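S.K.: One structure is given below, represented as structure tokens, and several questions about it will come after.
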Amino acid sequence: MRHELELSIKAAVKELFAVEIDVELTRPDERFGDFATNIALVMASRVGQSPRTIADALAAKLKLNLADKVANISVVAPGFINLTLKDECLAQMLDVETAKPLSDQMVIVEYSDPNPFKPLHAGHLYTTLVGDTIARLVERAGAKTVRINYGGDVGLHVGKSLWAIIKQFNGELPDKLQEIPEEDKPIWLGERYVEGNNAYEDNETARAEIIDLNKRIYQLHIDNDHDSPLARLYFTCREWSYDYFQILYKQLEVIPFDRYISESEVIPVGIAAVEEQLSKGVYQKSNGAVVFFGEKAGLHTRVFITAEGLPTYETKDVGLSLTKWRDYHFDKSIIITANEQTQYMAVVIASMKLFAPEPAERTRHLTHGVVKLKGGVKMSSRYGNIVTALQILESARAAGAESGTNPSEETILAAVKYTFAKNRIGADIIYDPKESIALEGNSGPYLQYAHARARSILAKAGGQVEIDLTDLETDERVLLRKITQFTEAVDRAVAELMPHHICTYLYELAQIFNAFYESNRVIGDSRQAVRLKLVNHYAQTLHNGLELLGITAPERL
């Protein structure tokens, strides 16, 4: 319907003013109508008439052309045209599907990206949950979506962890790993990383030993060594991390990843590319290291291969991007990381534009802020003074228990997922467990309750009578109008890759329904059939929106 109206207005403009121009309708405040256009203001300078004169002429023409669809057309100074649809035409918008702008496109979404051997912090939880929603959005938009998880299975953090393990075992003794209880493995690994990191920062001897161990770990991959004591320590602990990631993803109820790409896999690709481009002048030597002088692109200089000959994160990301391009030849590649990587990734992409422009230009980097717990909640010292992923989840459970509601695990997940999704991507997030778990206010549990409440009304009615939505009362029309805006909220979320638009819409929809239900009886009213149909559409819209956020819409709470 919206598109039909836009085409009709475009045709009227061409007929009256001989101007070919695209028209885009907006949603005005409800008291002005269902749609509005500022086309008269846009055209004024082109046709040499006042916006009001143009708008009046167009309104008169549209009243004739759209008499079967539009109940009222009005002009508001200085030249806005407002249109109010007939009830039956507004109801037709319930069947409109969201746009498919990514049809036939291959879109890679890379998110989560936890590093084995390290504890998962709250940022990993954020990218996992919001990344899952963004992947759902691009899939909804018609894309063939590939979910990628990338992790650092080599690097200094691995050296730190293994150094601490070797110190605790008094040698490279992989058989002693059997002494670690299954349920303690993730915590035990995280604690070893903290020990190694502290030693690296505070002890020169330990620092030198960790650097040397880091080189040996790289050599394991070069030599394809899986049998030496160090290799057995390394690969066993890496597998512990991978197993734990899978357990956590299952608990979070995110859609499974299509592929996990490790740093060790992409390093050879990255090194080969950097060394080749070094000979061509893209990268240059500086104090024994290979660097990219980003100043020429308005950025800064970064090292890609150290003076010791080790690849940095930059080279690994070059290898990752080229691996994605080789294997998927994507139309878009979306990467979600923390804000601190903004400039870093900009340098990597700028360097790649000089020798691999297609994958570089098709890559979009989304960044988010730091996730913090409200009220200065003590950070986890056992994990090196960070807020962990598990700490966020546990805080929600604790808040639920304290409230006396004893929420289910699906409600706990709804609380965390919705809190992350409702904030615009980019800013820091202050996670308030009590607010997130509340059954009132802008929260995931509130929307779950709203859905369950609507389903309860439908269940009590025992069935519906098929009826057209015409001759609606004011409150009924207000609710219908809001329900029809769902596709627009989804389209905007897809276009901007911003899930918070869906959250804002769902919360506003629930509030409008609550106001409707407080003032209008449903079951037993003479208008029961019409109102039950509206309730059904409302419940289905909530369900569809929550599903895009990865949140369960329960039938009852």
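S.K.: Consider the range 466-510. How many of its residues are hydrophobic (A, V, I, L, M, F, W, C), over 30 Å from Thr128 (Cβ atoms) and crowded, with 17+ Cβ neighbours inside 10 Å?
M.R.: 5
S.K.: Further question: What's the total number of residues in the range 205-240 that are crowded, with 19+ Cβ neighbours inside 10 Å and among the β-branched types (Val, Ile, Thr)?
M.R.: Counting residues in the range 205-240 that are crowded, with 19+ Cβ neighbours inside 10 Å and among the β-branched types (Val, Ile, Thr) gives 2.
S.K.: Taking Val254 as the residue in question, decide whether it is under 13 Å from Thr315 (Cα atoms) and hydrophobic (A, V, I, L, M, F, W, C).
M.R.: No, not satisfied.
S.K.: Mind telling me which of the residues Ala71, Ala67 ends up being assigned to a strand (DSSP E or B), at pLDDT below 95 and not assigned by TED's automatic domain parsing to the domain that holds Thr474?
M.R.: Ala71
S.K.: Follow-up question, since we're still on this one. Does Ala208 fit the bill of being among the hydrophobic types (A, V, I, L, M, F, W, C), under 21 Å from Glu239 (Cβ atoms) and not assigned by TED's automatic domain parsing to the domain that holds Thr363?
M.R.: Considered against the rule, which asks whether it is among the hydrophobic types (A, V, I, L, M, F, W, C), under 21 Å from Glu239 (Cβ atoms) and not assigned by TED's automatic domain parsing to the domain that holds Thr363, Ala208 comes out as no.
S.K.: Additional query: Of everything in the range 127-185, what is of a type in the set (Lys, Arg), over 25 Å from Glu314 (Cα atoms) and not assigned by TED's automatic domain parsing to the domain that holds Glu209? Give them in sequence order.
M.R.: Arg136, Arg140, Lys144
S.K.: Does the range 330-347 include one or more residues that are modelled with pLDDT of 95 or more, over 20 Å from the mean Cα position of the chain (by Cα) and crowded, with 20+ Cβ neighbours inside 10 Å?
M.R.: Yes; the residues of the range 330-347 include at least one that is modelled with pLDDT of 95 or more, over 20 Å from the mean Cα position of the chain (by Cα) and crowded, with 20+ Cβ neighbours inside 10 Å.
S.K.: Another question about this same structure. Pairs only if they're at least six apart or on different chains, beta carbon under 7 angstrom, first in the range 297-322 and over 15 Å from Lys353 (Cα atoms), second in a loop (DSSP other than H, G, I, E, B) and among the small types (Gly, Ala, Ser); list them, first residue then second.
M.R.: Going by the 7 Å Cβ cut-off, the qualifying pairs are Ala307/Gly288.
S.K.: How about the range 351-441: which strands (runs of 3 or more DSSP E) wholly inside it have at least 3 residues that are at pLDDT 95 or above and farther than 22 Å from Tyr507 by Cα?
M.R.: Those strands (runs of 3 or more DSSP E) span 363-368.
S.K.: Within the range 184-197, is there a residue that is hydroxyl-bearing (Ser, Thr, Tyr), at pLDDT 95 or above and part of a helix (DSSP H, G or I)?
M.R.: So far as the range 184-197 goes, no, none of its residues is hydroxyl-bearing (Ser, Thr, Tyr), at pLDDT 95 or above and part of a helix (DSSP H, G or I).
S.K.: When you go through Ile261, Ile247, Ile271 one by one, which is the residue that is in a helix (DSSP H, G or I) and at pLDDT 95 or above?
M.R.: From the options Ile261, Ile247, Ile271, the qualifying one is Ile271.
S.K.: Okay, moving on. Answer with yes or no whether Ala461 is over 19 Å from the mean Cα position of the chain (by Cα) and either surrounded by 14 or more Cβ atoms within 10 Å (Cβ to Cβ) or of a type in the set (Lys, Arg) (or both).
M.R.: yes
The values are calculated or read from the model by the stated rules, or taken from the named source; none is laboratory data. In this text, all values refer to a predicted model and were calculated from it rather than measured experimentally. We place every Cβ from the backbone using ideal geometry, glycine too, and count neighbours over all the protein chains shown.
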